[in-house]
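Here's the structure we're looking at; comments come further down.
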Amino acid sequence: DGDVYKYYTDGEWRKSPSGKSVSVINPTTRKPQYKVQACTQEEVNKVMESAKAAQKSWARTPLWKRAELLHKAAAILKEHKAPIAECLVKEIAKPAKDAVTEVVRSGDLVSYTAEEGVRILGEGKFLLSDSFPGNNRSKYCLSSKIPLGVVLAIPPFNYPINLAVSKIAPALISGNSLVLKPPTQGAVSALHMVHCFHLAGFPKGLISCVTGKGSEIGDFLTMHPGVNCISFTGGDTGIAISKKSGMIPLQMELGGKDACIVLEDADLDLAAANIVKGGFSYSGQRCTAVKVVLVMESVADALVEKVKAKVARLTVGPPEEDCDITPVVSESSANFIEGLVMDAKEKRATFCQEFQREGNLIWPLLLDHVRPDMRIAWEEPFGPVLPVIRINSVEEGIHHCNASNFGLQGCVFTRDINKAIMISDAMETGTVQINSAPARGPDHFPFQGLKDSGIGSQGITNSINMMTKIKSVVINLP
Ligand code: G3P
């Protein structure tokens with residue numbers, strides 16, 4: 001069937017002998033847009049074998065050559081920004097301009113990783129034994145970073161390109177091979193991105209991309225004995241993976257319920273602008289979206305008015321027209337969001353706008369006077385719905401933030417830097433932003449979640465370190 005996109009392994013595009021395919025549903029039309037191969041467990045076995053074989057010689061390829069290929073891939077990726085962005089619009093309903101930005105940002109990430117890798121991996125350590133009690137200067141220890149082997153990368157639907165290359169580039173520069181399992185919504189964008197790496201001329205088998213149903217190959221991939229490291233971004237599945245995977249390093253970025261604490265002395269215009277951008281960009285489908293506003297009662301009316309005015313100006317419609325609010329990724333996601341809204345309605349939250357939905361398109365909604373007994377106070381909608389909880393003390397805000405099972409990011413708005421630092425210290429999250437909405441980027445910043453939000457830290461330097469191991473050679477003098 002010529003209409004089914006092939007998967008990539010051993011340097012070539014293949015059809016699955018299963019003859020089966022999986023449909024990518026366009027979130028806007030809710031009709032099948034593309035089809036990808038439904039790879040089988042047998043094919044996964046073959047992919048793992050070639051990934052393992054390719055890694056051995058790649059690890060011996062000079063670092064500067066590895067970097068050169070990555071720079072080439074980055075340039076090709078940027079050249080292909082238009083067709084890839086078009087896929088993103090059709091597969092995940094990302095607004096047209098944001099889709100282009102994602103691809104360009106990804107090219108920059110790949111180049112930066114190549115440069116950073118050359119610096120970090122080009123350096124080793126030399127230790128002398130006589131600094132430890134009882135030893136004389138008879139042992140010279142030489143340490144350097146070596147690759148782990150085969151890295152399995154599983155990015156989420158919301159950044160199928162950027163959160164794929166943030167795993168691929170550090171894995172490759174470090175001398176690992178890479179098996180990518182893209183999300184089905186975003187799979188064709190990811191295949192196109194892999195094509196750019198193919199054009200750059202990486203050795204056969206070094207990069208593979210398998211598509212298919214999580215229910216058939218998901219566990220099989222993550223529990224495969226050939227995998228030496230997993231880098232995953234997504235939801236609850238990550239918790240299941242961490243329980244099932246073997247004794248291998250894991251990098252996990254899972255959900256978040258990022259709180260935005262607004263103090264009495266905050267610049268309310270700045271806070272409102274960031275709340276709208278942070279809460280509603282890509283229709284709230286970001287792990288780092290502002291997911292709950294905790295505002296001091298004395299300024300709450302003023303802040304809510306400002307946010308409401310900005311929400312009213314958001315455009316709602318198809319991603320092709322570059323609307324601010326576009327359809328959420330799937331019908332089940334839209335139903336889940338509606339469920340949270342209905343729960344808040346029953347429990348009498350104040351609706352700043354009327355709830356409106358057409359298919360997967362949900363109009364932006366601000367819910368005021370949300371209380372802790374409402375689901376929306378704790379659960380992440382991954383949609384354009386933002387709850388506001390009014391607080392009477394800073395402690396109350398910190399307490400709400402820390403009572404969450406998530407701990408990705410948080411933000412605080414105040415003109416008092418001392419208070420900002422004290423609150424940042426008290427918030428149990430991987431990152432706190434002072435006077436700005438949470439965000440992962442710039443992509444070389446460390447990015448990590450505490451508690452159920454993740455394992456390990458991402459960001460270019462941290463990912464390179466995480467995807468390598470220390471190897472020592474000790475010279476023993478007579
Ligand atoms: O949801 C994925 C998370 O990585 C968000 O990234 O760049 O939107 O802050 P960003």
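Ignoring any ligand, DNA or RNA, what whole percent of the accessible area of segment 1-41 comes from carbon and sulfur when the probe is 1.4 angstrom?
Whole-percent figure for carbon plus sulfur exposure: 44.
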Under 14 Å from the Cα of residue 244, which aspartates and glutamates turn up, not counting those fewer than eight places away in the same chain?
219, 236
Given the alpha-carbon gyration tensor of segment 371-478, what are the semi-axes of its equivalent ellipsoid in whole angstrom, ordered largest first, with each equal to the square root of 5 times an eigenvalue?
36, 17, 14
Expressed as an acute angle from 0 to 90° and rounded to the nearest 10, what is the orientation of the C-alpha long axis of helix 268-280 relative to the principal long axis of the chain?
60
Bins of 10 Å, starting at 0 and running to the largest distance - Cα pair percent for the chain
4, 20, 28, 24, 15, 7, 2, 0, 0
For the chain, with every protein chain kept in place, what is the accessible area per residue (1.4 Å probe, Å²)?
42
Listed pairs 56/204; 6/72; 46/181; 35/78 exceeding 19 Å between Cα atoms:
6/72; 35/78
Once both axes come from the Cα atoms, what is the angle between helix 417-426 and the longest principal axis of the chain, in degrees from 0 to 90, rounded to 10?
70
DSSP beta bridges in the chain [antiparallel fraction, %, rounded to 5]
45
Quick P(r) readout (segment 318-433; Cα-Cα; 5 Å bins; whole %) gives 2, 11, 18, 18, 17, 15, 11, 6, 2, 0
Using only the Cα atoms, what convex hull volume per residue in Å³ does segment 1-139 have?
200
Segment 387-435: radius of gyration over Cα atoms, expressed as a fraction of 2.2 N^0.38 Å:
1.07
Quick check: Cα centre of segment 10-49 to Cα centre of segment 282-358, how many Å?
34
Rounded to the nearest 10, the angle in degrees between the Cα long axis of helix 63-79 and the longest principal axis of the Cα atoms of the chain comes to 40
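For every helix of n ≥ 4 consecutive DSSP H residues, a contribution of -39,500 (n - 2.57) applies; sum these over the chain, divide by its total residues, and give [θ] at 222 nm rounded to the nearest 500 deg cm²/dmol.
-12500 deg cm²/dmol
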Would you work out what percent of the accessible area of segment 182-330, with all protein chains in place, is carbon or sulfur (probe 1.4 Å)?
55
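The values are calculated or read from the model by the stated rules, or taken from the named source; none is laboratory data. None of the values given here were measured: they were computed from a predicted structure. Only protein heavy atoms, including side chains, enter the accessible area calculation; ligands, DNA and RNA are left aside. Shrake-Rupley method; radii C 1.70, N 1.55, O 1.52, S 1.80 Å.
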